[in-house]
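Structure first, then comments.
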Amino acid sequence: MIGFGSTATGAAADSDARCPALLVDDDRVFARRLGKALQDRGFDTEIYNTVSDAIDALGLRRFDIVITDLRIGDRSGLEIVAEVRDISPETKTLVLTGYGNVQSAVTAVKLGATEFLSKPADADEILEVLGVANALKLSSGDAIKSAELVRWEHVTSVFAETGNNVSATARLLNMHRRTLQRMLSRGRPEKISV
């Protein structure tokens with residue numbers, strides 16, 4: 001079970017292979033739900049509901065991603081963003097808010113936030129915005145590839161073998177050239193079935 005100020009994973013050995021994430025939000029229900037979703041996606045998530053506790057945690061451990069609410073009680077999540085910038089500038093940070101406005105977003109980015117996103121936001125959207133949506137999906141050996149992903153890999157391998165020639169690839173795969181172009185322009189499928 002995910003607790004505030006605690007790691008969301010069960011086994012210490014498992015946490016070594018997982019991506020460390022810090023989640024700070026004073027809405028306990030939202031934080032618990034998002035923390036569980038991040039855990040399910042391969043993150044070793046620590047959840048805090050105060051700015052002070054989160055800053056203390058930043059001093060004890062390095063995090064790959066930090067997700068914070070803009071308003072946490074009577075304090076600002078931007079304090080956390082500034083602390084992350086000073087301690088670990090390579091950490092990706094995202095500021096979530098239900099009070100989104102341009103000035104807050106500009107301030108967050110100036111303080112070092114990687115991204116700024118309005119609530120409600122789910123784990124997949126957050127990870128996509130941070131650019132880590134696919135970071136952990138294919139790293140586990142127990143993941144089963146979807147049919148779309150297998151097809152994508154086959155099409156791109158044939159495309160590479162033809163020297164990136166769309167017409168030759170379409171002929172070899174017995175596809176219409178425009179269908180192939182659309183598929184290639186969409187990129188790798190995001191969803192993976194388990």
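Return the pairs, sorted by first residue and then second, in which the second residue is acidic (Asp, Glu) and surrounded by 23 or more Cβ atoms within 10 Å (Cβ to Cβ), the first residue lies in the range 23-49 and is within 17 Å of residue 94 (Cβ to Cβ) and touching a residue at least 12 places away in the same chain (Cβ under 8 Å), the beta carbons are less than 6 Å apart, and the residues are 6+ apart or on different chains.
Within 6 Å, the pairs are 25/69; 31/25.
Go through (1) of a type in the set (S, T, N, Q); (2) touching a helix residue (DSSP H, G or I) at 6+ places or on another chain (Cβ under 6 Å); (3) modelled with pLDDT of 90 or more; (4) more than 19 Å from residue 124 (Cβ to Cβ) for residue 9 and report which single condition fails.
So residue 9 meets the others, but not (3).
Quick one: count up the residues across the range 68-111 that are without any contact (Cβ under 8 Å) to a residue 40 or more places away in the chain, β-branched (Val, Ile, Thr) and under 17 Å from residue 30 (Cα atoms).
Summing the residues that are without any contact (Cβ under 8 Å) to a residue 40 or more places away in the chain, β-branched (Val, Ile, Thr) and under 17 Å from residue 30 (Cα atoms) in the range 68-111 gives 2.
Matching residues to (1) open to solvent by 30 Å² or more (accessible area, probe 1.4 Å); (2) touching a Ser or Thr at 6+ places or on another chain (Cβ under 8 Å); (3) modelled with pLDDT under 90:
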residue: 49; (1), (2), (3): yes, no, no
residue: 59; (1), (2), (3): yes, no, no
residue: 68; (1), (2), (3): no, yes, no
residue: 72; (1), (2), (3): no, yes, no
residue: 90; (1), (2), (3): yes, no, yes
residue: 127; (1), (2), (3): no, no, yes
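Any residue in the range 96-111 that is within 28 Å of residue 61 (Cβ to Cβ) and modelled with pLDDT of 85 or more?
yes
The values are calculated or read from the model by the stated rules, or taken from the named source; none is laboratory data. Computed from a predicted model, the values in this text were never measured in an experiment. Note that each Cβ is placed from the backbone with ideal geometry, even for glycine, and that neighbours are counted across all protein chains shown. Heads up: the accessible areas ignore ligands, DNA and RNA and are worked out on the full protein's heavy atoms, side chains in. Shrake-Rupley method; radii C 1.70, N 1.55, O 1.52, S 1.80 Å.
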